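For reference, the structure discussed in these notes is given below.
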Amino acid sequence: MEFIIHKDGEILHTGNCPESMITAQSGSDGEVAIAGHGNQETQKVVDGVIVDKTQTELNEYRLTKQSMKRPYVTGTETDLELNQLISDHFYNLIEPSTYRIANYYWLREKFYPSSVELNDAQIKINSGITALEEEGEEQLEDYVNDCLAVKTRFPKE
């Protein structure tokens, strides 16, 4: 027979066992086993009965699960696109500006220019060839300016 284990209404586990063994499935620390089929994401237990969660509860559950994951960001998004990705990823329950500040370090990593550009500039600067040295100096200046723009775009606070 199918059963669920819940604590304070939250479904923790599901399983199968003989009907006579359902109560033995209850754990310590307030975990209770009851007969029935339930879904952790969409249902809960109220007064010993499995019921559907409200939309708010569904969103909160999804947010909890999603908060452990980051939205997929390539590092080429505009601010508008990035804010939409954040909103969509967290079901509009987190303000993008709040997320951006809390995750500034990760976002900077995603949006900084490639370190290959920095290495290339340094090689040109140290080449001993005047034309390449000048090109390297310009490339290095562009690289630094791009990095500073990313720091401005994703501030610590």
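The values are calculated or read from the model by the stated rules, or taken from the named source; none is laboratory data. All of these numbers come straight from a predicted model, not from anything done at the bench. Glycine also receives a Cβ, built like all others from the backbone with ideal geometry; neighbour counts cover every protein chain displayed.
Of the residues contained in the range 108-118, none is found to be surrounded by fewer than 16 Cβ atoms within 10 Å (Cβ to Cβ), under 17 Å from the mean Cα position of the chain (by Cα), farther than 29 Å from residue 11 by Cβ and at pLDDT below 95. Looking across the range 16-31, the residues that are under 14 Å from residue 4 (Cβ atoms) and in contact with a strand residue (DSSP E or B) (Cβ under 6 Å, 6 or more places away or on another chain) come down to 16, 22, 25, 26, 31.
Applying the criterion of at least 2 residues that are in contact with a Ser or Thr (Cβ under 8 Å, 6 or more places away or on another chain) to the helices (runs of 4 or more DSSP H) found wholly in the range 91-157 leaves 130-153. Within the range 42-90, the set of residues being assigned to a strand (DSSP E or B) and among the polar types (S, T, N, Q) comprises just one member, 43. Restricting attention to the range 51-98 and to residues that are exposed (fewer than 14 other Cβ atoms within 10 Å of the Cβ) and among the basic types (Lys, Arg), the residue that is nearest to the chain's Cα centre (by Cα) turns out to be 69. Residues in the range 1-41 that are loosely packed, with under 13 Cβ neighbours inside 10 Å and in a loop (DSSP other than H, G, I, E, B): 8 in all.
The C-beta contact set for the range 74-92 (first residue under 20 Å from residue 112 (Cα atoms), second residue at pLDDT below 95 and in a loop (DSSP other than H, G, I, E, B), distance under 6 angstrom, 6+ apart or interchain) comprises 85/71; 86/71. Every condition in (1) farther than 24 Å from residue 91 by Cα; (2) modelled with pLDDT of 90 or more holds for residue 30 except the one numbered (2).
Screening the candidates 95, 2 for the property of being at pLDDT 90 or above and under 30 Å from residue 152 (Cβ atoms) yields one hit, 95.
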